[in-house]
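A.B. asks: Supplied in structure tokens, the structure appears directly below.
All of the numbers you see were taken from the coordinates with simple rules; none came from a lab. Source: prediction; values computed, not measured. When we count neighbours, we look across all protein chains shown, and the Cβ atoms used for this are built from the backbone with ideal geometry, even at glycine.
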Amino acid sequence: MITSTPEIHEDDVTKLFGLRIRRMQFSQASDHLLRIAAQRGNRSQVIVTPNVDHIVRLDQQPDFKALYAKADHIFADGMPIVWASKMTPHPLTERVTGADLFVSLCKGAVTKGSSIFILGGMPGQEDELIASFAKVYPGLKVHIVCPSMQFTPDGPEADAAILRIQETRPDILFICLGMPKQEYFAFRYQREQTSNNCPLILCVGAAMEFALGQKKRAPMWMQKIGLEWFWRLASEPRRLWQRYTIQGSKFIGILLKERRLHK
């Protein structure tokens, strides 16, 4: 018999940057989300994993931040967010990244016989991606739609994607479109669906690329000391230099404002 997931209590969250971030260890978070994925028929739950770049963008877009804050589960992806939580009465114990959740939930889906749906990837890449999943996660039931670069969360491609998700009835939906497209689509899906809901929706950006080995993640020692950003910047300097320099400096200003709130 399937039981409902417990409600989130104030003691389970860290209030930081205007968000209620779940205070869970990674293994607990993964197990918790797999239980949600098994609860077919309930309201879809949206999961977001903010990093420094997200926090800066949210600070600049109050309306979007108000929507983002409504996610059912918010986990800290960036190590600087974990460090910043030390100023609160209830600091986070560790980060829970979208990239790690993607891998863990795919493995859990194989074990439980669950299915996943992925919205993301380069246009026309579906067959190639399905072949890669078959090699990396044998036995995983996966459906993939790779939208065009003109995809918008409220456009005809999004309409078609929702119909496809409804037809395939996955247990877990991974949206890999980047912020804010993925979040707008996730909340649209949650808002509009009343039957055949996908129980679990995760907004995970580039997680699929890491999970399939298309991009290499930083060594574990760099992840643990908060230098994964440096690894990514060195790997893709032209694409990411602005995120990790300009956005990083803006985060410091946000951090100082947040510190005054917690004095």
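A.B. asks: May I ask what percent, to the nearest 5, of DSSP beta bridges between residues of region 10-211 are antiparallel?
C.D. replies: Numbers: 4 of 23 bridges.
Around 15 percent of the beta bridges assigned by DSSP in region 10-211 are antiparallel ones.
A.B. asks: Here is a further query. How many percent of the alpha carbon pairs in region 53-160 exceed a separation of 18 Å? If you can, show how the numbers build up before the last one.
C.D. replies: Values: 3862 of 5778 pairs.
Counting every Cα pair in region 53-160, those more than 18 Å apart make up 67 percent.
A.B. asks: Beyond a 30 Å Cα-Cα separation, which of these cross-linked pairs lie in this structure: LYS224/LYS257; LYS65/LYS112; LYS86/LYS250; LYS15/LYS181; LYS15/LYS141? Working shown, then result.
C.D. replies: Values: LYS224/LYS257 26 Å; LYS65/LYS112 35 Å; LYS86/LYS250 20 Å; LYS15/LYS181 25 Å; LYS15/LYS141 37 Å.
Pairs exceeding the cut-off: LYS65/LYS112; LYS15/LYS141.
A.B. asks: Next question. Scale the Cα Rg of region 10-211 by the rule-of-thumb value 2.2 N^0.38 Å and send over the ratio, two decimals. Kindly include the intermediate steps, with their values, before the conclusion.
C.D. replies: Values: Rg = 16.2 Å, N = 202, 2.2 N^0.38 = 16.5 Å.
After normalising by residue count via 2.2 N^0.38 Å, the value is 0.98.
A.B. asks: Taking K and R as +1 and D and E as -1, what net charge do the other residues with C-beta under 14 Å from the C-beta of GLY120 add up to?
C.D. replies: On the way: positive: ARG164, LYS181, LYS215; negative: GLU126, GLU128, GLU157, GLU183, GLU209.
In short, -2.
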